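S.K.: Once you've had a glance at the structure underneath, I'll fire off some questions.
The values are calculated or read from the model by the stated rules, or taken from the named source; none is laboratory data. Model, not experiment: these values are computed from the prediction. Glycine also receives a Cβ, built like all others from the backbone with ideal geometry; neighbour counts cover every protein chain displayed. Only protein heavy atoms, including side chains, enter the accessible area calculation; ligands, DNA and RNA are left aside. Shrake-Rupley method; radii C 1.70, N 1.55, O 1.52, S 1.80 Å.
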Amino acid sequence: MATGYFFPHRHILGMDHLSAEDIGHILTIAESFKEISARPIKKVPTLRGNTIINLFFEPSTRTRLSFEVAAKRMSADTFNISASTSSATKGETLIDTARNITAMRPDIIIIRHSHSGAPHMLTRYVDAAIINAGDGTHEHPSQALLDLMTVREHRGRLDGLKIAIIGDIMHSRVAHSNIIGFTRMGSSVHVFGPATLLPPGLERLGATVCSSLGEAVRDADVVMTLRIQKERQNDPLLPSFREYAREYGVTRDVVALARPDALVMHPGPVNRGIELMPDVADGPQSVILDQVTNGVAVRMALLYLVMGNS
Amino acid sequence: MADNWLIKNGRIIDPKNGIDRQGDLLVLEGRIAAEQTPVPASARVIEASGCWVVPGLIDMHVHLREPGEEYKEDIVSGTRAAAAGGFTAVVCMPNTRPVNDCAAVTAMILERARQGSARVYPVGAISSGSRGRKLAEYGELKEAGAVGVSDDGLPVRDSQLMRRALEYAGDFGLAVISHSEDPSLSTGVMNEGEVATRLGLKGIPAAAEAIMVYREIALAEQTGQRVHIAHVSTAMSVELIRAARARGVRVSAETTPHYFTLTDEAVEGYNTNAKMNPPLRSARDREAIREALADGTLDAIATDHAPHSSLEKEVEFDLAANGIIGLETSLPLSLALVRDGLIDARRLVELMSTGPAAILGLPGGSLGAGEAADITVIDPDQTFTYTEDQVVSKSRNSPFLGWRLQGRAVLTMVGGRVTHDCRQA
Ligand SMILES: [Zn+2]
């Protein structure tokens, strides 16, 4: 870690705001926190007396749990607020909830919301550090950071790698954050999926858009598949999951095109047999479980760094 | 008391009468006097040196929100904003509550407008309730004072209904104003493109507008009727209109200052004051709109003034209402086109006064002798910062707040009555 470096962010809203230096710093801190998780007493007093609110407007057991474990391991007081956006009387819920929460004087608010930009909006209404735990189809920075950490752990570096991301790029905040994160660290990101799920302008984000699954995966260091979400299918994007699995599903044969030691990743939860075949998801190249472990360490690092800046 | 004025030493620009001269303009009893008319002693002097004296500006596309949403704007506040922006007349869209689809609502708007600071010309609905199913009663709307018909805010989905509207409106000499948007394609919240992808916001493709613009052109061509395209935002639409006019189709079109000033980059930071429909487009689209204003493909600059309160705007971007206020910034933003050398002063007056009057058959747009004295005096050099505390509209939803603007209406006069005066003493 460079001497004289100060983590310059009060909020973690997206990978877009983080420089390569910031990302490297977060990962180094996360690696040191990972060691805590291996201790018999998995707790440090770093955030004792701090109040952290998990404000989840979208159901997400994994991410919420991961942040909660991270906060508890650092001795912070955590509160979970699950709000619903379905009753959204034109968004009043977000501001109203934000104002009510302010009364609890939180130090950090971790927000998950179905609308892109909701965390940005929250920064204008509350005086806490905001961590984006996934907003709409925009960003999911802590997921990208744990993916970067997992790859760095296995490869020892993050530059000069070929990362293949396959699937619903359009609706995936994980894909957006990973495209930014991996390209910023000096790797090249190759994306492929049905044209109906590839938004315009991906090249401007730094990705290379491929015209076949083979082109994307060939000699890749990482093959990442994305969850095809059933709830977004009111637009005729795909004829069927069956055809998706046949044309775009990542099978053992597809993975064989990548480097022999390529890592298979998925942000979870996996639709086994649709975007990723079970033998691949559970195969020797899969690091899906490491992703979960590293999630806690990365989130501990984020909590630590934003608190250091308030 | 007779409204007698002598507007002195201005640059009088009146494209309709082929006039661009330095001199004085006399107003006698609320009407423009012929040149050489002796000046009565009662005439009060308005010093206009360094200023342009032009026929009163006409905004052919505003939302005054009355009846029904008076917390956002009403006819009195909206016309006051109009006067402050140099407008002597505004054309108000029918998407009020209730919808202006009958003589009673039209008459109510005109009655309320008598307390206003600008002339108000209501547009009636194309379809009953703007529900897109059956024609509204154009005969009674026309008789009550409607100057055109539109289901603005909503596209007319049904092509047969649109065809019948063009034909039937033709019988009454009413312009049909099309809000051109294919609703099946426009399910997003901002322009489709790189910025939308980056922000994770669902895009509205340019084709959503162009497809309906072409439908209106095809229907106008088929029936021989005329159609007016509201708030053109894309290069594709401009191309279609240009080609249609070249082959003689009776299509006219307007754009707004935000489409020739801003791009979708303005949405950055989830700025809900940059959310409108059609959305702000790409730099290429903006360039095409600017060219079309210069080459005559577009006939008018309108504002699509759409007031919303913080209830509709201080929310998640996806949930925010579409639209921005525009009456008070339209003239300075349009004057920038003159400074950029894209159009001359005469063309500016055509786009903001003569053009709209001609499309809708309104009085005004002329400084000819005997016309009502609807006059705007413009100081093209005065600069000001547009801040919240000086907004005259009831609403504050402008992406131009904080902008340093150049050029403004220093005096606005409707029928010889001064409705706005911010001349520096
Ligand atoms: Zn409209």
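S.K.: Quick one: is B:Arg250 open to solvent by 30 Å² or more (accessible area, probe 1.4 Å), away from chain A (no Cβ under 12 Å) and more than 21 Å from B:Asp304 (Cβ to Cβ)? Explain how you work it out, then say what you get.
M.R.: On the way: open to solvent by 30 Å² or more (accessible area, probe 1.4 Å): yes; away from chain A (no Cβ under 12 Å): yes; more than 21 Å from B:Asp304 (Cβ to Cβ): yes.
Taking the combined requirement at face value, the residue satisfies it.
S.K.: Cβ-Cβ below 8 Å, separation at least six or inter-chain, first residue in the range B:228-239 and more than 15 Å from B:Thr263 (Cα to Cα), second within 14 Å of the ligand (Cβ to nearest atom) and assigned to a loop (DSSP other than H, G, I, E, B): which pairs?
M.R.: Listed pairs, sorted by first residue: B:Ile229/B:Ser180; B:Ala230/B:Asp152; B:Ala230/B:His179; B:Ala230/B:Ser180; B:Ala230/B:Ala302; B:Ala230/B:Asp304; B:Ser237/B:Ser180; B:Val238/B:Val232.
S.K.: Moving on to the next point. Given B:Ala43, B:Ala81, which one is in contact with a strand residue (DSSP E or B) (Cβ under 6 Å, 6 or more places away or on another chain) and of a type in the set (Gly, Ala, Ser)?
M.R.: Details: B:Ala81 fails: in contact with a strand residue (DSSP E or B) (Cβ under 6 Å, 6 or more places away or on another chain).
Going through B:Ala43, B:Ala81 in turn, just one is in contact with a strand residue (DSSP E or B) (Cβ under 6 Å, 6 or more places away or on another chain) and of a type in the set (Gly, Ala, Ser): B:Ala43.
S.K.: Another one. Among the numbered criteria (1) open to solvent by 30 Å² or more (accessible area, probe 1.4 Å); (2) in contact with a strand residue (DSSP E or B) (Cβ under 6 Å, 6 or more places away or on another chain); (3) not in a strand (DSSP E or B), which single criterion is violated by B:Arg408?
M.R.: Tallying (1) open to solvent by 30 Å² or more (accessible area, probe 1.4 Å); (2) in contact with a strand residue (DSSP E or B) (Cβ under 6 Å, 6 or more places away or on another chain); (3) not in a strand (DSSP E or B), B:Arg408 fails exactly one: (3).
S.K.: Here's something else I'd like to know. Which numbered condition trips up B:Arg417, out of (1) in contact (Cβ under 8 Å) with a residue 12 or more places away in the chain; (2) more than 21 Å from B:Leu25 (Cβ to Cβ)?
M.R.: Here B:Arg417 meets the rest and fails (2).
S.K.: Same structure again: Based on this model, can you work out whether B:Asp264 counts as over 24 Å from B:Tyr386 (Cα atoms) and not β-branched (Val, Ile, Thr)? It would help to see each step written out before you state the result.
M.R.: Details: over 24 Å from B:Tyr386 (Cα atoms): no; not β-branched (Val, Ile, Thr): yes.
Taking the combined requirement at face value, the residue does not satisfy it.
S.K.: While we're on this one: Please give the number of the condition B:Lys16 fails out of (1) buried (at least 23 other Cβ atoms within 10 Å of the Cβ); (2) touching a helix residue (DSSP H, G or I) at 6+ places or on another chain (Cβ under 6 Å); (3) farther than 24 Å from B:Gly326 by Cβ.
M.R.: (1)
S.K.: Just one of A:Val217, A:Val298 is under 30 Å from A:Glu35 (Cα atoms) and at pLDDT 95 or above; which is it? Full working, then the answer.
M.R.: Numbers: A:Val217 fails: under 30 Å from A:Glu35 (Cα atoms).
Result: A:Val298 is the single residue among A:Val217, A:Val298 that is under 30 Å from A:Glu35 (Cα atoms) and at pLDDT 95 or above.
S.K.: Looking at B:Leu311 and the list (1) part of a helix (DSSP H, G or I); (2) surrounded by fewer than 22 Cβ atoms within 10 Å (Cβ to Cβ); (3) away from chain A (no Cβ under 14 Å), which single condition is not satisfied?
M.R.: (3)
S.K.: Still on this structure, I have one more. Confirm whether A:Arg173 is in contact with a strand residue (DSSP E or B) (Cβ under 6 Å, 6 or more places away or on another chain) and open to solvent by 10 Å² or more (accessible area, probe 1.4 Å). Let's see the steps before the verdict.
M.R.: Numbers: in contact with a strand residue (DSSP E or B) (Cβ under 6 Å, 6 or more places away or on another chain): yes; open to solvent by 10 Å² or more (accessible area, probe 1.4 Å): yes.
Here the answer is yes, as A:Arg173 does meet what is asked.
S.K.: Here's another thing I want to ask about it. Quick check on my filter: what residues within the range B:228-251 are touching a Lys or Arg at 6+ places or on another chain (Cβ under 7 Å) and either part of a strand (DSSP E or B) or away from the ligand (no atom under 16 Å from the Cβ) (or both)?
M.R.: Narrowing the range B:228-251 to residues touching a Lys or Arg at 6+ places or on another chain (Cβ under 7 Å): B:233-235, B:250-251.
Scanning the range B:228-251 gives B:Ala235, B:Arg250, B:Val251.
Yes/no per residue for (1) under 17 Å from A:Asp219 (Cβ atoms); (2) touching a Leu at 6+ places or on another chain (Cβ under 7 Å); (3) assigned to a strand (DSSP E or B):
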position	(1), (2), (3)
A:Glu247	no, no, no
A:Val254	yes, yes, no
A:Leu257	yes, no, no
A:Pro260	yes, no, no
A:Val270	no, yes, no
A:Ile274	no, no, no
A:Val280	no, no, no
A:Gly283	no, no, no
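S.K.: Condition test on B:Tyr168, is it among the hydroxyl-bearing types (Ser, Thr, Tyr), touching a Phe, Trp or Tyr at 6+ places or on another chain (Cβ under 8 Å), open to solvent by 40 Å² or more (accessible area, probe 1.4 Å) and more than 14 Å from chain A (Cβ to nearest Cβ)? Show your work before the answer.
M.R.: Numbers: among the hydroxyl-bearing types (Ser, Thr, Tyr): yes; touching a Phe, Trp or Tyr at 6+ places or on another chain (Cβ under 8 Å): yes; open to solvent by 40 Å² or more (accessible area, probe 1.4 Å): yes; more than 14 Å from chain A (Cβ to nearest Cβ): yes.
Considered against the rule, which asks whether it is among the hydroxyl-bearing types (Ser, Thr, Tyr), touching a Phe, Trp or Tyr at 6+ places or on another chain (Cβ under 8 Å), open to solvent by 40 Å² or more (accessible area, probe 1.4 Å) and more than 14 Å from chain A (Cβ to nearest Cβ), B:Tyr168 comes out as yes.
S.K.: Sticking with this one: Might you check whether a residue that is touching a residue at least 60 places away in the same chain (Cβ under 8 Å), farther than 26 Å from B:Ala358 by Cβ and of a type in the set (Gly, Ala, Ser) occurs anywhere in the range B:24-39?
M.R.: The answer is no, given that none of the residues of the range B:24-39 is touching a residue at least 60 places away in the same chain (Cβ under 8 Å), farther than 26 Å from B:Ala358 by Cβ and of a type in the set (Gly, Ala, Ser).
S.K.: What is the residue count in the range B:12-37 for residues that are more than 23 Å from B:Arg417 (Cβ to Cβ) and either in a loop (DSSP other than H, G, I, E, B) or of a type in the set (D, E, K, R) (or both)?
M.R.: Qualifying residue count, the range B:12-37: 4.
S.K.: From the list B:Leu342, B:Leu351, which one is over 18 Å from B:Leu401 (Cβ atoms) and part of a helix (DSSP H, G or I)?
M.R.: Values: B:Leu342 fails: part of a helix (DSSP H, G or I).
After ruling out the rest, the residue left standing is B:Leu351.
S.K.: Output the residues belonging to the range B:365-414 that are touching a residue at least 60 places away in the same chain (Cβ under 8 Å), under 30 Å from B:Tyr270 (Cα atoms) and of a type in the set (Val, Ile, Thr).
M.R.: B:Val391, B:Val392
S.K.: Look at the range B:314-331 and say how many of its residues are more than 14 Å from chain A (Cβ to nearest Cβ) and either more than 14 Å from the chain's Cα centre (by Cα) or within 14 Å of the ligand (Cβ to nearest atom) (or both).
M.R.: The initial filter retains those residues of the range B:314-331 that are more than 14 Å from chain A (Cβ to nearest Cβ), namely B:323-331.
Then drop every residue that is not either more than 14 Å from the chain's Cα centre (by Cα) or within 14 Å of the ligand (Cβ to nearest atom) (or both), which leaves B:323-324, B:326.
Total satisfying the criteria: 3.
S.K.: Give just the number: which of (1) closer than 24 Å to B:Leu201 by Cα; (2) surrounded by fewer than 23 Cβ atoms within 10 Å (Cβ to Cβ) does A:Asn132 not satisfy?
M.R.: Every condition holds for A:Asn132 apart from (2).
S.K.: Which count do you get for residues in the range A:236-261 that are within 13 Å of A:Ile274 (Cα to Cα), open to solvent by less than 40 Å² (accessible area, probe 1.4 Å) and β-branched (Val, Ile, Thr)?
M.R.: The qualifying residues number 1.
S.K.: Examine the range B:210-225 for a residue that is open to solvent by 10 Å² or more (accessible area, probe 1.4 Å) and within 15 Å of the ligand (Cβ to nearest atom), and state whether such a residue exists.
M.R.: The answer is yes, given that some residue of the range B:210-225 is open to solvent by 10 Å² or more (accessible area, probe 1.4 Å) and within 15 Å of the ligand (Cβ to nearest atom).
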